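What follows draws every value from the coordinates through simple rules; no lab data is involved. Values in this document were obtained by computation on a predicted structure and should not be read as measured data. Cβ placement follows ideal geometry from the backbone for every residue including glycine, while neighbour counts extend to all protein chains displayed.
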Amino acid sequence: MIDYGHEFADFIENNQQCSSLPYLTDVAKFELFYERCYFSLNKVFFMHSNNPIITIWRLDENSKPLDFSQGGDYLKISKKGAKVIVEKLTK
């Protein structure tokens, strides 16, 4: 899956059926960075999205509807020991 994931965000971005979910490409990128951190010793990734990626990533079926007016996220994704750490950064 990790090897497949390298191209998955591009696939989503260019797939007409996904155009109604503009945040989906960034969620796929976030997932790839998260997985790469998990399976590595020393990786750090930074990403920016115009969408609230952390909120989207943490959604479950009991969540309230998304509020896209809260803006996007600047993220640092890293690993400490065996745990992947996701930090929301300020500009």
- Query: Taking residue 80 as the anchor, which lysines have their alpha carbon closer than 30 Å to its alpha carbon, excluding any fewer than eight residues away along the same chain?
  - Reply: 29, 43, 88, 91
- Query: Using alpha carbons only, what's the Rg to Rh ratio of the chain with Rh from Kirkwood?
  - Reply: 0.97
- Most fluctuating of 66, 75, 32 in the GNM of the chain (C-alpha, under 10 Å) is 66
- Note on the structure: Residues meeting the amide H criterion for residue 43 (H placed from the backbone, H to H distance under 5 Å, 5 or more places apart or on another chain) are 79
- Task: For each of 68, 33, count neighbouring Cβ atoms within 10 Å of the residue's Cβ, then give the residues from fewest to most.
- Result: 68, 33
- Message: Please compute the modelled spin-label separation between residue 18 and residue 89, points set 7 Å along Cα→Cβ, answer in nm with one decimal.
- Response: 2.4
- Message: Just to check I understand the Karplus step: with θ = phi - 60° and J = 6.51 cos²θ - 1.76 cosθ + 1.60, what whole-Hz values come out for segment 86-91, glycine and proline as x?
- Response: 10, 10, 8, 9, 9, 4
- Query: So what J values fall out for segment 57-71 if you push phi through Karplus, 6.51 cos²θ - 1.76 cosθ + 1.60 with θ = phi - 60°, rounded to Hz, Gly and Pro as x?
  - Reply: 4, 8, 4, 9, 5, 9, 6, 6, x, 5, 10, 6, 6, 6, x
